[in-house]
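Structure record follows, encoded as structure tokens.
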Amino acid sequence: MKVGIYGFGSIGRLIARVALDRGHKVVSAVDINEEIVGKDIGELLGRNPLGFKVSSDPNTLSTADVVLHATGSYLDKIYDQLEAVIDLRKSIVSTCETLSYPYFRYPSLARKLDEKARSTEVYVIGTGVNPGFLLDTLVTTVSAPFNIIKTLKAVRSIDAAKRRRSFQVKIGVGMNPNEFLKELSEGKKSAHVGYIESVLLIADIGGLTLNKVEEGQDPVIAESDIESHGVKVPKGKILGIKGYGSGYAKDKEVIRVEFHAYVGGPEYEEIGVEGTEASITWRSTGTPGDLATASLIVSVAEKLETRPYKFGLLTMADLVPYRIKFAL
């Protein structure tokens, strides 16, 4: 594939590296950062020059077969970017968390985006590691061998000290709790985005109608001074967050996902499947989030290049090869 990258920050560059490692060509990159505009893409990746420079003009993405997009978490904030790419008749795979299941928060924009993508004969999909895989499509993969499912619960836990600084800032590491909660309520901080999107992806794959969904997240506060992987947090300051998303059918919690991200946190994913005839607990030793995000973005783009789907707005529920069945 000839790949274009929209958003050439840390995740965009990692996506570019994964694409190159997998034998694709990165032929364009767009960013608003004046410090990198005009510089060679390859040199910014610490590699030999590629002969293509970062531009601030989205029209330079016209030379790509597909655009891999990594600029924001909220569909209403990045919709114009997506629309500009669709106008170039290019398919898009985006890291935008709320695009992973946009029908809940942005039903009008989702419908508009789908209509535009269909009429232009391109694909648009939001995915990544979380939402997009670990707390949703992986959950349904682990659940697929079960006949009838009663409840699903998934937890992802990471040591935030091992993550990039921009992520630590996003979840309030080192901040005063009151200040963090104020910024969270004002939208200056987002912490994790996508709890409900993961719940709704699972429900969609399971053909389950939910009568209520909810989400929430709270800071984890250091009970004593702590240091992990060079990150120091004094007592009383924020280590990170713990959050959840829940889906209810007939007022019973059927789906629950949790994300724990704090300095010194254990690294694992755990999925619990309670079936009518058997139950299991699946557990991993943890997944490197940024690399996983980049790898999944490129993998989904490769899948869409085979053209097995109808054009338009897709979710990961459209890509999984099976369905699960809930008892309710």
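Quick notes on this one:
- Cβ charges +1 (Lys, Arg) and -1 (Asp, Glu), total dipole of the chain, debye: 300 debye
- Each of Thr140, Thr306, Thr71 has some number of other Cβ atoms within 10 Å of its Cβ, and from fewest to most they run Thr306, Thr71, Thr140.
- Applying a DSSP loop filter and a limit of 16 other Cβ atoms within 10 Å to the GluC sites (Glu not before Pro) in region 168-208 leaves Glu186.
- Selection from Leu45, Pro321, Leu201, by position along the positive dipole direction of the chain (Cβ): Pro321
- For region 305-315, 3J(HN,Hα) computed residue by residue from phi via the Karplus equation (6.51, -1.76, 1.60; θ = phi - 60°) reads 5, 7, 6, x, 10, 6, 5, x, 7, 10, 10 Hz, glycine and proline entered as x.
- Nitroxide proxy distance, nm - points 7 Å out along Cα→Cβ at Lys310 and Asp218: 4.4 nm
- Close amide H contacts of His69 (hydrogens built in the peptide plane, cut-off under 5 Å, sequence separation of 5 or more or a different chain): Tyr6, Val93, Ser94, Thr95.
- Answer label, with percent of Cα pairs over 28 Å apart calculated from the coordinates and candidates (1) 53; (2) 43; (3) 39: (2)
- Residues of region 118-135 with amide N under 12 Å of the 7 Å Cα→Cβ point at Arg89: 120-122
- Footprinting exposure proxy ranking of Glu97, Glu43, fewest other C-beta atoms within 10 angstrom first, gives Glu43, Glu97.
- Simple point charges give the picture: +1 on the Cβ of Lys and Arg, -1 on the Cβ of Asp and Glu, and for region 137-287 a dipole about the Cα centre of about 360 debye.
- Sequence-distant residues sharing a close amide H with Gly206 (under 5 Å, placed H): Ile324
- Where labels lie 7 Å past Cα in the beta-carbon direction, separation of Glu253 and Asn178 in nm: 3.0 nm
- Karplus-derived 3J(HN,Hα) values for region 199-205, using 6.51 cos²θ - 1.76 cosθ + 1.60 with θ = phi - 60°, are 4, 6, 5, 4, 4, 5, 4 Hz; glycine and proline are entered as x.
- Sites Arg323 and Asp65 - FRET efficiency at Förster radius 30 Å, r taken between beta-carbons, to 0.05: 0.45
- Charge dipole of region 137-287 about the Cα centre (unit charges at C-beta), most positive-ward option of Leu152, Asn176, Val254: Asn176
- Sum of -39500 (n - 2.57) over DSSP H runs of 4+, divided by residues of the chain (222 nm, nearest 500): -8500 deg cm²/dmol
- Contour minus Cα-Cα distance for Phe104 and Ser119 (0.36 nm per residue): 3.1 nm
- Local electrostatic count at Leu50 - Lys and Arg +1, Asp and Glu -1, tallied over other residues with Cβ under 14 Å: +4
- A simple rule links phi to the HN-Hα coupling: the Karplus curve 6.51 cos²θ - 1.76 cosθ + 1.60 with θ = phi - 60°, which for region 103-115 gives 5, 7, 7, 9, x, 5, 5, 4, 5, 5, 5, 4, 4 Hz, with x for Gly and Pro.
- Simple Cβ-charge dipole of region 1-44, Lys/Arg +1 and Asp/Glu -1, about Cα centre, in debye nearest 20: 300 debye
- Under 5 Å, built H, 5+ apart or other chain: amide partners of Ile241: Val220, Ala261, Tyr262
Quick note: the coordinates plus some simple rules give every number you see, no bench work behind them. Keep in mind that this is a model prediction, so the values were computed, not measured. All Cβ positions, glycine included, derive from the backbone under ideal geometry; neighbour counts span all protein chains shown.
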